[in-house]
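K.L.:
I have a structure here, written as structure tokens, and I will follow up with some questions on it.
Since every read-out is calculated from the coordinates, none of them should be taken as a lab result. Source: prediction; values computed, not measured. Ideal geometry is used to build each Cβ from the backbone, glycine not excepted, and the neighbour counts take in all protein chains shown.
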Amino acid sequence: MTPRMLSALARLNLDPWQEAAELAQLPRESATRRLASSIATLADGLPSHLENGIIAARLIALLPRHSASEISALRTVVDARDVRKFRAGMCMYAIFFIIVMAAQWIAASLQAPPRIDNTEASASSTVLPQPPSSNSGQ
């Protein structure tokens, strides 16, 4: 882009990189009309309406073109940093899970086993017969 075009976009409060990215995704005719109308809104001595279309068409021709499948493929590419962050997060989660499970196991093993208290079969409620005494016959 020429400095004149950059300053024109700046006067329209447009980011040149963002505008170029948006124009590259549009069909050529739509992008040319959009850029020509942006150029036409500037009133300070820029070329006439016919020349606006020619300038816009030349600039649009310089933009890279991607097919719709290439654009969608670019949007689904996962950054390697995201994969590393995910793996690190999963490792931290696994370590945390192991620590919590070990703490539960230790806490359970330190507790006394539960007492089974069966009050129905207590020894005091059972009456046993007395064995015969060996002293009674003498």
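K.L.:
How far apart, in nanometres, would the label points at S37 and L14 be if each is projected 7 angstrom from Cα along the Cα-to-Cβ direction?
P.N.:
In this crude spin-label approximation the distance works out to 1.1 nm.
K.L.:
Given the Cα-Cα distance of L110 and R87 and 0.36 nm per residue of separation, how much length would full extension add, in nm? Could the numbers behind the result be given before it?
P.N.:
Values: separation 23, 0.36 × 23 = 8.28 nm, distance 3.47 nm.
Gain in length upon complete extension: 4.8 nm.
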